[in-house]
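Report on one structure; see the data block that follows.
Values quoted throughout were computed directly from the atomic coordinates according to the rules given, and no laboratory measurement underlies them. These numbers were taken from a predicted model, which means no experiment stands behind them. Positions of Cβ are backbone-derived with ideal geometry, glycine not excepted, and every protein chain shown enters the neighbour counts.
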Amino acid sequence: MQIQRATREHLEALTPLFNAYRVFYKQKSDTTAAQTFLNERFEKQDSVIFLAKDEAGNAVGFTQLYPSFSSVAMKRVYILNDLFVTPEARGKQAGTALLEQAKSFAKEHSARGLVLETDADNPAQKLYEKNGWTHDPALHYYWEV
């Protein structure tokens, strides 16, 4: 499994993965909007995307990190906002490799760490826990629109 930081040159390979990720979360398929959104992330440089490729060079997954800050720690933190691996590539270490790359990136940039949220019934929780992520029952999550 090869993991690399995605650039605009990877937009064509990344777009269907990002669209499939959104569909997984019950959003309507829209590859044009997905491509526009990703292109804006590259243009504004406001996220970090890693792309997973299999041995044949096919794009099989991605993760997207958004920078934020911890005022208490006075350090950057990264929000692991998106993680997706194609159904065909699941169980072949792509998710683990993407998580490891995200962790290495955060350490290289002296971040306090990585944080993520996921649906309570998302099977990827097993992947997170297997890779050392811990659920923090002391925290509450609030949302306002």
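The table below lists the values:
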| quantity | calculated |
| --- | --- |
| Between helix 31-44 and the chain: long-axis angle, C-alpha atoms, 0 to 90°, nearest 10 | 60 |
| Length-normalised contact order for the range 2-130 - Cα pairs under 8 Å, 6+ apart - percent | 22 |
| Residue among 58, 85, 101 farthest towards the positive dipole end of the chain, charges placed on Cβ | 101 |
| Förster radius 35 Å - calculated FRET efficiency between residue 56 and residue 25 (Cβ-Cβ, nearest 0.05) | 0.80 |
| ³J(HN,Hα) computed for each position of the range 125-139 - Karplus, 6.51 cos²θ - 1.76 cosθ + 1.60, integer Hz, glycine/proline x | 4, 5, 5, 4, 5, 4, 9, x, 6, 10, 7, 9, x, 7, 9 |
| More than 24 angstrom apart: percent of Cα pairs within the chain | 31 |
| FRET efficiency, residue 144 to residue 90 (Cβ-Cβ, R0 30 Å, nearest 0.05) | 0.30 |
| Cα-based Lys proximity count in the chain, under 20 Å, for pairs eight or more positions apart or on separate chains | 10 |
| Other-chain or far-sequence residues with amide H under 5 Å of residue 113's (modelled H) | 78 |
| Residue-span extension gain [residue 107 to residue 136] - 0.36 nm each, minus C-alpha spacing | 8.4 nm |
| Dipole magnitude of the chain about its Cα centre (Cβ charges: Lys, Arg +1; Asp, Glu -1), debye to nearest 20 | 280 |
| By average C-beta atoms within 10 angstrom, highest first, the peptides 92-100, 37-45 | 92-100, 37-45 |
